[in-house]
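Everything on this sheet refers to the single structure shown next.
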Amino acid sequence: MSYQTLAAIDLGSNSFKLQIARVQGEQLYLLDGLKEAVRLAAGLDKNKQLDTDSQRRALDCLSRFNERLRGLPEEAVRCVGTSAMRVAKNADKFLKEAERVLGFPIEIISGREEARLIYLGVVHSLPSSSGRRLVIDIGGGSTECIIGNGMAQEKRESLLMGCVSFSMRFFPGGKIEKSALKEAELEARLIAQGIEADFNRDFWDEAIGSSGSIRAIAEILEESGWGKGITSEGLAQLREAMLNAGHTDKLELPGLRADRRPVLAGGFAILSGLFTELGISLMNPATGALREGILYDLLGRMSHRDMRDETVTEFARRYHVDLKQAERVEDLALRLFNKCWPAEMGDREEAQQYLSWAARLHEIGISIAHTGYHKHGAYILENADMPGFSKTDQSRLALLIRAQRGALSKIPQLSDEAGQPPSETDQPLIWLLRNAVMLNRNRADNDLPNLDAKISSKGYKLTLAQEWLEKNPLTLRALEEEHRAWKSIGVRSQHN
């Protein structure tokens, strides 16, 4: 399905940003944009809990975003949370309220997925180049580093340092002291050492900066007459100016906006450390960043160039999945899906997509061990870096893989007794996948009988020819065990 208007929301650790774009063929034309300095990372206490004030600032901002997004279909909007939401221990509770206020789902993405989307946004904002680019984005809670050539990304890393967290840690109250600045720059260098071997000057031809911190520093240097672009010499002059001011409130620099002043020192220290450790001598700012990357990723999904499909294919290859068996299971699962999926049950296209991915990866855990391979597969999908997938996506896919066999009563998401009601969409997807796996246990291209399936509020029903069942007693027994498995969680599943 295609849409004429797309929207991306970046719930960053420093600022919340909304971007609306018009779709014209394979191109995006940016329309309306909103940005608010929410400082979510500043609300993380020592126990990694988001405090009440930061949550209130965030919710107030989202309520304003909601007004601008009204009327857009859910599939045309993507909202992602980054570093602060990744580390906040009360993020789940906050997200429920945030989604209610915004009116759209919110995904928490991993650091490397954030890096992938940033590069996608940056490369679309720059002229084509034959050389390798190092792209750096200094956010409020994390810093993403990517090396790519054209549209292809070669290396991605996310470092746990950001302009908000560094400003709070090394420059409390806004005081900028020489010893603190030196310590902050050294800390940035120590963190960057972990990627120096793969991101040093030998691996790229041009350095690009995409974040608000980097663009702010570039603007300050240019308007102060300290050079076009960011250079080591320009950073040295800015360092001296900050130390002379001694406090963020006293920073009077050309091009410095009021909302950037409280986090400038932290962003500067990180950038200075990266310049030294990665051998950067010149960095040019780019206009594209995470929001634009989200938009182009959405456009790709609409144009059937979904990065998630590529990731599933790559994971199947990496973990030596039996492709023939995966194809058998996928074909049968989708055959059953098309026979019985109720029109009123959520997004049909999305449900079909997850069922297809789960079938293709259902044996991904066998490369670790055959015993309990469904559990190993679920662990891989829950914890691996999967380009294109949010953490929510990965958890959903992992649930389908985990529940493909074995006792359903042991899976919290499917057990009412655990206080977590069954998912309206995922539970029938699990039923379809389990049947497809079960009916292909002999791992051969055998002819199955005519099948019929039904999903309703009363439960699930699979219909097979009685004559065929009598000739296949192992399958008949498996179907009886399946009936008991669903009965254990209070769901009616029958066959005849």
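The values are calculated or read from the model by the stated rules, or taken from the named source; none is laboratory data. Note that the structure is a prediction, hence the values are computed from the model and not measured. Positions of Cβ are backbone-derived with ideal geometry, glycine not excepted, and every protein chain shown enters the neighbour counts.
Would the stretch 171-190 turn up any residue that is part of a helix (DSSP H, G or I) and of a type in the set (Phe, Trp, Tyr)?
No, there is no match, as no residue in the stretch 171-190 is part of a helix (DSSP H, G or I) and of a type in the set (Phe, Trp, Tyr).
Filter the stretch 347-374 down to residues that are touching a residue at least 24 places away in the same chain (Cβ under 8 Å) and outside any helix (DSSP H, G or I) and give me whichever is surrounded by the most Cβ atoms within 10 Å (Cβ to Cβ).
So, considering only residues that are touching a residue at least 24 places away in the same chain (Cβ under 8 Å) and outside any helix (DSSP H, G or I), the one surrounded by the most Cβ atoms within 10 Å (Cβ to Cβ) is HIS362.
Do we find that LEU274 is within 24 Å of ILE146 (Cβ to Cβ) and at pLDDT 95 or above in this structure? Before you say what the answer is, go through the steps one by one.
Details: within 24 Å of ILE146 (Cβ to Cβ): yes; at pLDDT 95 or above: yes.
Criteria met by LEU274.
Please determine whether any residue of the stretch 41-56 is closer than 30 Å to GLN4 by Cβ and either at pLDDT below 95 or of a type in the set (Gly, Ala, Ser) (or both). If you could, list the steps in order and put the result at the bottom.
Taking the stretch 41-56 as the starting set, the residues that turn out to be closer than 30 Å to GLN4 by Cβ are none.
No, because not a single residue in the stretch 41-56 is closer than 30 Å to GLN4 by Cβ and either at pLDDT below 95 or of a type in the set (Gly, Ala, Ser) (or both).
Mind listing whichever residues of the stretch 26-56 are surrounded by 18 or more Cβ atoms within 10 Å (Cβ to Cβ) and at negative phi? Quick ask: steps written out before the conclusion?
Our first condition is that a residue be surrounded by 18 or more Cβ atoms within 10 Å (Cβ to Cβ); within the stretch 26-56, this holds for 28, 37-44, 50, 54-55.
Scanning the stretch 26-56 gives LEU28, ALA37, VAL38, LEU40, ALA41, ALA42, GLY43, LEU44, LEU50, SER54, GLN55.
Among the listed residues GLY273, GLY293, which satisfies the condition of being of a type outside the set (Asp, Glu), over 13 Å from ILE136 (Cβ atoms) and surrounded by 21 or more Cβ atoms within 10 Å (Cβ to Cβ)?
GLY293
Considering the stretch 409-466 alone, what residues qualify as being at pLDDT 85 or above and β-branched (Val, Ile, Thr)?
Across the stretch 409-466, the qualifying residues are ILE411, ILE430, VAL437, ILE455, THR463.
Please find, within the stretch 279-290, the residue that is farthest from the chain's Cα centre (by Cα) out of those that are crowded, with 23+ Cβ neighbours inside 10 Å and not in a loop (DSSP other than H, G, I, E, B).
MET283
Can you pull out the strands (runs of 3 or more DSSP E) entirely within the stretch 5-57 that have at least 1 residues that are over 17 Å from LEU95 (Cα atoms) and touching a Gly at 6+ places or on another chain (Cβ under 7 Å)?
15-24
With the condition kept exactly as written, say whether any residue in the stretch 79-90 is over 22 Å from the mean Cα position of the chain (by Cα), surrounded by fewer than 22 Cβ atoms within 10 Å (Cβ to Cβ) and more than 12 Å from ARG291 (Cβ to Cβ).
No, the conditions are met nowhere in the stretch 79-90.
Of the residues in the stretch 229-250, how many are touching a residue at least 24 places away in the same chain (Cβ under 8 Å) and either in a loop (DSSP other than H, G, I, E, B) or over 14 Å from GLU177 (Cβ atoms) (or both)? Please lay out each step first, then the result.
At the first step, the residues of the stretch 229-250 found to be touching a residue at least 24 places away in the same chain (Cβ under 8 Å) are 229-232, 235, 238-239, 242-243, 245-249.
Still in the list and also either in a loop (DSSP other than H, G, I, E, B) or over 14 Å from GLU177 (Cβ atoms) (or both): 229-232, 235, 238, 246, 249.
Here the count works out to 8.
Output the residues belonging to the stretch 175-212 that are of a type in the set (S, T, N, Q) and either assigned by TED's automatic domain parsing to the domain that holds VAL38 or surrounded by fewer than 24 Cβ atoms within 10 Å (Cβ to Cβ) (or both). Let's see the steps before the verdict.
Going through the stretch 175-212, the residues of a type in the set (S, T, N, Q) turn out to be 179, 193, 200, 210-211.
If the condition is that a residue be of a type in the set (S, T, N, Q) and either assigned by TED's automatic domain parsing to the domain that holds VAL38 or surrounded by fewer than 24 Cβ atoms within 10 Å (Cβ to Cβ) (or both), then SER179, GLN193, ASN200 are the ones that fit.
Give the stretch 449-496 a look and list any residue that's in a loop (DSSP other than H, G, I, E, B), over 39 Å from the mean Cα position of the chain (by Cα) and buried (at least 16 other Cβ atoms within 10 Å of the Cβ), or say none.
We begin by selecting, within the stretch 449-496, every residue in a loop (DSSP other than H, G, I, E, B); these are 449-451, 457-458, 464-465, 472, 488-492, 496.
Adding the requirement that they be over 39 Å from the mean Cα position of the chain (by Cα) leaves 449-450, 464-465, 472, 496.
Within the stretch 449-496, LEU464, ASN472 meet the criteria.
Would it be correct to say that GLY229 is closer than 24 Å to ILE146 by Cβ, at pLDDT 95 or above and either buried (at least 17 other Cβ atoms within 10 Å of the Cβ) or assigned by TED's automatic domain parsing to the domain that holds MET161 (or both)?
Spelling it out, it is not the case that GLY229 is closer than 24 Å to ILE146 by Cβ, at pLDDT 95 or above and either buried (at least 17 other Cβ atoms within 10 Å of the Cβ) or assigned by TED's automatic domain parsing to the domain that holds MET161 (or both).
Taking the stretch 141-174 on its own, how many of its residues are basic (Lys, Arg) and either outside the structural domain of ASN200 (by TED's automatic domain parsing) or more than 30 Å from SER130 (Cβ to Cβ) (or both)?
1
Take the residues in the stretch 316-346 that are farther than 27 Å from ASN446 by Cα and out of contact with any strand residue (DSSP E or B) (no Cβ under 9 Å at 6 or more places or on another chain), then tell me which one is surrounded by the most Cβ atoms within 10 Å (Cβ to Cβ). Spell out how you get there, then give the answer.
From the stretch 316-346, those farther than 27 Å from ASN446 by Cα are 318, 342-346; that's our starting set.
Remaining after also requiring out of contact with any strand residue (DSSP E or B) (no Cβ under 9 Å at 6 or more places or on another chain): 318, 343-344, 346.
On the way: ARG318: 12, ALA343: 5, GLU344: 6, GLY346: 14.
Here the answer is GLY346.
Being touching a helix residue (DSSP H, G or I) at 6+ places or on another chain (Cβ under 9 Å) and more than 28 Å from ARG261 (Cα to Cα) is the requirement here; does GLY174 meet it? Reasoning before the result, please.
Values: touching a helix residue (DSSP H, G or I) at 6+ places or on another chain (Cβ under 9 Å): yes; more than 28 Å from ARG261 (Cα to Cα): no.
No; evaluated as a whole, the condition is false for this residue.
May I ask you to list pairs of residues, at least six apart or on different chains, whose Cβ atoms are under 7 Å apart, with the first in the stretch 319-330 being in the same structural domain as ARG360 (by TED's automatic domain parsing) and the second being of a type in the set (D, E, K, R) and assigned to a helix (DSSP H, G or I)?
Close Cβ pairs satisfying both conditions: ALA326/ARG360; GLU330/ARG360.
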